[in-house]
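Peer 1: One structure, as structure tokens, below. Some questions next.
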Amino acid sequence: MPKLKDKHKHNFGQNQACVIHILDMRVESQGADFHTVWMNEPTSNGMPLVRMIDQNRLPFEFEIFNSPALETTCEAIKDMTVRGAGAIGATAAFAMAQGFFEDRPDEARALIESTRPTAQNLFYATRFVYEAAIKGRPSDAYMAAQEVALQDELACRQIGQYGLELMPDNSKVLTHCNAGWLAFVDWGSALSPVYVAHRAGKEVFVYADMTAPRNQGGRLTAWELANEGVPHQIVPDTGLMDLMDEVRPDLVIVGADRIAANGDVANKIGTRMVALAAREFDVPFYVAAPTSTIDLATSSGKDIRIESRSYDEVTHVTGLTEDGRLETVQFTNPGSPARNRAFDVTPNKLVTAFITERGIIRPRLEDIVAVKNAA
Ligand code: MRU
């Protein structure tokens with residue numbers, strides 16, 4: 001068993017202690033294990049501090065961003081210091097707790113819900129903490145937020161166990177964007193089966209789609225896989241069909257930001273292209289997500305709100321200069337605008353199955369309702 005670290009011990013007053021820990025993913029460069037985001041208990045000024053790995057600096061620099069207040073936590077969600085459905089869900093829960101400590105829960109809820117519109121986990125988590133504490137005390141919000149983070153971690157671990165069944169030995173897995181541990185509190189959704197398989201001694205090779213424009217695949221998925229020692233290659237998005245034709249992966253696993261009741265899936269832009277390529281080559285296409293990502297109030301994908309982001313994300317890129325500085329440069333024609341919708345919707349007919357923490361299910365309304373409502 002790995003060692004328990006202080007950050008996993010939360011004191012909830014009256015000497016009631018709750019130890020939150022399963023098994024953190026490894027950050028080899030630091031020689032230590034970290035959650036993607038966590039919240040310390042209130043300090044002497046009475047405020048809980050939210051702490052997170054700064055994902056905008058990865059893979060070049062490893063830094064922890066500390067957010068002492070609601071506003072800075074919301075800004076961190078917006079500018080993608082923290083990103084990925086589960087991680088922004090947990091961060092939203094922590095922000096909601098900070099909102100209670102700042103004695104402005106209604107304003108806080110509105111502010112958090114205006115940060116990013118697509119990931120269902122953000123809305124679920126904010127509401128969970130709000131409802132748990134609106135008739136109580138800030139400490140209730142603190143505990144509810146820790147509960148959201150713990151459930152996220154447990155669900156992802158369980159997704160890994162179910163996903164393991166789908167992975168033959170010597171698996172070749174294609175994934176898109178980053179739905180690994182950086183996209184959740186720990187373990188990840190799409191990459192959890194990979195990590196569970198790898199730790200169980202199975203051979204697994206991952207092809208990580210670059211995922212333009214923010215390149216979460218090339219930056220974050222590749223960084224995680226390298227930390228875990230999982231063999232992998234980064235594939236440019238334009239190389240997808242060629243990869244399918246030449247390599248024929250055994251399976252595709254992607255994450256989800258919101259799953260509609262009928263099984264349509266909003267996920268990082270480009271996911272639909274991957275699903276179509278998988279269909280063309282008869283490769284199973286799995287979507288791994290905790291049930292907190294299912295939104296039964298949205299009947300189909302056409303009702304999912306898709307985030308549009310600044311077009312600078314398409315025209316500029318951040319990287320490391322030869323003398324080791326992080327720099328952002330423009331690499332498209334100056335003055336040409338760009339389109340930057342952050343997600344697309346993959347229709348249910350292209351999904352082979354969902355891998356959830358409650359089992360593997362077909363992309364059908366009745367199965368989705370049943371798994372969402374299962375205790
Ligand atoms: O814009 P991001 O990076 O927050 O996008 C979310 C994602 O990371 C992906 O869509 C991912 O595949 C699903 S989140 C687990």
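The values are calculated or read from the model by the stated rules, or taken from the named source; none is laboratory data. These figures come from a predicted structure and were not determined experimentally. With ideal geometry, Cβ positions are generated from the backbone for all residues, glycine too; neighbour counts draw on all protein chains shown. Surface accessibility is based on the protein's heavy atoms, side chains included, excluding ligands, DNA and RNA. Shrake-Rupley method; radii C 1.70, N 1.55, O 1.52, S 1.80 Å.
Peer 1: Given the options A85, A289, A212, state which has the largest fluctuation in a GNM of the chain using a 10 Å cut-off (strictly under) for Cα springs.
Peer 2: Fluctuation is largest for A212.
Peer 1: What's the extension gain from R57 to K78 if we count 0.36 nm per residue and subtract their Cα-Cα distance?
Peer 2: Here the answer is 6.0 nm.
Peer 1: With bins 5 Å wide starting at 0, give me the P(r) of region 129-286 over every alpha carbon pair, in whole percents.
Peer 2: Pairs per bin, as whole percents: 2, 9, 18, 20, 19, 13, 7, 5, 4, 2, 1, 0.
Peer 1: If you build a Gaussian network model of the chain, linking Cα atoms that sit under 10 Å apart, which residue out of N348, N267, N340 swings the most?
Peer 2: Looking only at N348, N267, N340, the largest GNM fluctuation is found for N340.
Peer 1: Given region 291-339, what whole percent of its Cα pairs are spread farther than 11 Å?
Peer 2: Here the tail beyond 11 Å accounts for 76 percent of pairs.
Peer 1: Let me ask another. Would you please classify the overall shape of the chain from the alpha carbon gyration tensor, given that a ≥ b ≥ c denote the square roots of the eigenvalues, rounded means a/c under 1.5, and beyond that prolate means a/b larger than b/c while oblate covers the rest?
Peer 2: It is rounded, given that a/c, with a ≥ b ≥ c, falls under 1.5.
Peer 1: Region 275-375: Rg/Rh from Cα coordinates, Kirkwood Rh?
Peer 2: That ratio is 1.13, to two decimals.
Peer 1: Here's a follow-up. Rounded to the nearest 20 debye, what is the charge dipole size of the chain about its Cα centre when +1 sits on each Lys and Arg Cβ and -1 on each Asp and Glu Cβ?
Peer 2: Around 640 debye, computed over the chain.
Peer 1: Starting from the Cα-Cα distance between R364 and F331, subtract it from 0.36 nm times their residue separation and give me the gain in nm to one decimal.
Peer 2: Additional length available on full extension: 7.6 nm.
Peer 1: Turning to a different aspect of this structure: Just flag the chymotrypsin sites (Phe, Trp or Tyr not before Pro) in region 320-361 sitting in loop per DSSP whose Cβ has no more than 14 other Cβ atoms within 10 Å.
Peer 2: For chymotrypsin sites (Phe, Trp or Tyr not before Pro) across region 320-361 that sit outside H, G, I, E and B with at most 14 neighbouring Cβ atoms in 10 Å, the list reads F331.
Peer 1: Additional query: I'd like the GluC sites (Glu not before Pro) in region 314-375 restricted to DSSP loop residues with at most 14 other Cβ atoms within 10 Å, sorted by number.
Peer 2: Listed in order of number, the matching sites are E322.
Peer 1: Taking K and R as +1 and D and E as -1, what net charge do the other residues with C-beta under 13 Å from the C-beta of F100 add up to?
Peer 2: -2
Peer 1: Tell me the carbon and sulfur percent of the accessible area for region 95-252, rounded to whole percent, probe radius 1.4 Å.
Peer 2: 50
Peer 1: Determine the order of E147, E153 by accessible area, beginning with the largest, at a probe radius of 1.4 Å.
Peer 2: Highest to lowest solvent-accessible surface, that is E147, E153.
Peer 1: Just add up the charged neighbours of A155: K/R +1, D/E -1, any other residue whose Cβ is under 10 Å from the Cβ of A155.
Peer 2: Surrounding charge for A155 is -1.
Peer 1: Dividing the convex hull volume of the alpha carbon atoms of region 101-215 by its residue count, what do you get in Å³ per residue?
Peer 2: 113
Peer 1: Ranked by accessible surface with a 1.4 Å probe, highest first, in what order do M143, M47, M244 come?
Peer 2: M143, M47, M244
Peer 1: Right, something else. For region 268-375, build the charge dipole from Cβ charges (+1 Lys, Arg; -1 Asp, Glu) around the Cα centre, then report which of A370, V317, I304 sits farthest towards its positive end.
Peer 2: About the Cα centre, the residue reaching furthest to the positive side is A370.
Peer 1: Please report the net charge: other residues with Cβ closer than 14 Å to the Cβ of A212, K and R +1, D and E -1.
Peer 2: +1
Peer 1: Quick one: if you stick a label point 7 Å off each Cα along the C-beta vector at R248 and N40, how many nm between them?
Peer 2: With each label placed 7 Å out from Cα toward Cβ, I get 5.5 nm.
Peer 1: To continue, here is another question. Take every DSSP beta bridge whose two residues both sit in the chain, then give the antiparallel share in percent to the nearest 5.
Peer 2: Antiparallel bridges: around 60 percent, rounded to the nearest 5.
Peer 1: Starting from the 7 Å offset along Cα-to-Cβ, what nm value, one decimal, do you get for the label separation of M241 and R137?
Peer 2: Between M241 and R137, the label points sit 6.3 nm apart.
Peer 1: Anyone know which of I64, I304, I112 comes out most mobile in the 10 Å Cα GNM of the chain?
Peer 2: I64
Peer 1: Just the Cα atoms of region 202-295, one point each, no solvent: what log10 I(q)/I(0) does Debye give at q = 0.14, 0.25, 0.26 Å⁻¹?
Peer 2: Log10 of I(q)/I(0), two decimals: -0.53, -1.42, -1.45.
Peer 1: In degrees from 0 to 90, rounded to the nearest 10, what is the angle of the helix 85-101 Cα long axis to the longest principal axis of the chain?
Peer 2: 10
Peer 1: Any idea of F60's accessible area? Nearest 10 Å², probe 1.4 Å.
Peer 2: Answer for F60: close to 80 Å² accessible.
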